[in-house]
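Inspection log for the structure reproduced underneath, given as structure tokens.
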Amino acid sequence: MSELLDKDTLRFTEYAAELMVYFERHKLIEISKKILVELALERPELVQEWIGANIKRIASEIYRDCLLGGKDGVVSLLNLSAGYLYRVVIFGRRGSGRKTQSINLAKRFNLVYIDAENLIYKCLRGDDENPNDPLARELQRSFYYNNCEAKGKAVADIISRRVIHQDALRRGWVLVNFPNTVKDFKEIMEHWKVPPNKLIYMKCSEKVCLKRLLNSPNTGAPFHTCSYYTHEMCFYNAHEKKIENYLRRRYETIYVNSEGCSDEVKLSLLSSIAKTPYVLGERKDVV
């Protein structure tokens, strides 16, 4: 009985999450607010006729403001609801400051911090509270048979489930250490019920990243050796061009130069988030 209740709760949560993203994608809350504001000011006698005659104009103003006004950091037409929730993916080379800036964002906007590597380790180790978790079993199987494609799908499914937990839905979230390939990006942007609304690309040269990593106090520990760092950089370089081509076609993408000091990058990132268009989906002006 409890298992049926859990499934019903999960279905309801998924439906509510999808509805939230649908409203956000089409700016329905912002459009409704603008209609109510104008109605309160004009007080038309025939309300239904007034809405029918003006809703297209209002929607166009909202969309235009999201694309243009947001670039100047100005919200002029209520294009952001007061409770706007950031759902952020931070991507870049190891050593580019992804984790540091993820933690900064989580503190600044009270977001749930999600580290994909921690979730992977937890699932591979096994959860005492849910030892028969099918997604954890799938991940363990993919690692056992070293099936790269199955690994990516299993990790994406585990994170997708995490971002529809109540805390993530109520507060928003910031994700680091996933995605890592263009296939991963397509999975989260085009198939997740609650996709990210900001993709932060930390631009940092390999030379600067390696210098930071080699000066890290963790150097020499497992997964913190020169050979491991070299392997990570080779993997990143192999996928970088395809990922860049995909990200430049997304409205959600924000480019941040992360070669400066931590505080400088933090200010640049916060400023960029405030100035980017609040629009989801593929850009029509980029081939």
Contact list, first residue from segment 166-184 and polar (S, T, N, Q), second anywhere and surrounded by 18 or more Cβ atoms within 10 Å (Cβ to Cβ) and in a helix (DSSP H, G or I), beta-carbon distance below 7 Å, six or more apart or interchain, is ASN177/ALA116; THR181/GLY152
Filter segment 246-287 for residues that are open to solvent by 30 Å² or more (accessible area, probe 1.4 Å) and of a type in the set (Phe, Trp, Tyr); the one that is nearest to GLU24 (Cα to Cα) is TYR251
Given (1) closer than 18 Å to ASN197 by Cα; (2) surrounded by fewer than 16 Cβ atoms within 10 Å (Cβ to Cβ); (3) free of Cβ contacts under 8 Å to residues at least 60 places away in the same chain, ILE62 misses just (2)
Taking segment 185-194 and keeping only residues that are in contact with a Phe, Trp or Tyr (Cβ under 8 Å, 6 or more places away or on another chain) and free of Cβ contacts under 8 Å to residues at least 24 places away in the same chain, one is left with none
Expected single match for loosely packed, with under 12 Cβ neighbours inside 10 Å, in contact (Cβ under 8 Å) with a residue 24 or more places away in the chain and out of contact with any strand residue (DSSP E or B) (no Cβ under 9 Å at 6 or more places or on another chain) among ASN215, ASN237 is ASN237
Within segment 73-93, of all residues that are modelled with pLDDT under 80 and under 22 Å from the mean Cα position of the chain (by Cα), the one least open to solvent (accessible area, probe 1.4 Å) is ASN79
Residues of segment 257-287 being more than 14 Å from LYS203 (Cα to Cα), assigned to a helix (DSSP H, G or I) and touching a residue at least 12 places away in the same chain (Cβ under 8 Å), in sequence order, are LEU270, SER271, ILE273, ALA274, LYS275
Going through segment 21-36 in order, the residues found to be touching a Leu at 6+ places or on another chain (Cβ under 7 Å) and open to solvent by 60 Å² or more (accessible area, probe 1.4 Å) are ARG25, LYS33
Only one of SER160, SER96 is of a type in the set (Gly, Ala, Ser), open to solvent by less than 60 Å² (accessible area, probe 1.4 Å), under 27 Å from TYR201 (Cβ atoms) and under 13 Å from the mean Cα position of the chain (by Cα), namely SER160
Yes/no for GLY152 being in contact with a helix residue (DSSP H, G or I) (Cβ under 7 Å, 6 or more places away or on another chain), surrounded by 13 or more Cβ atoms within 10 Å (Cβ to Cβ) and at positive phi:
no
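The values are calculated or read from the model by the stated rules, or taken from the named source; none is laboratory data. All of these numbers come straight from a predicted model, not from anything done at the bench. Please note: Cβ atoms are built from the backbone with ideal geometry, for glycine as well, and neighbour counts cover all protein chains shown. For accessibility, only protein heavy atoms count, side chains too; no ligands or nucleic acids. Shrake-Rupley method; radii C 1.70, N 1.55, O 1.52, S 1.80 Å.
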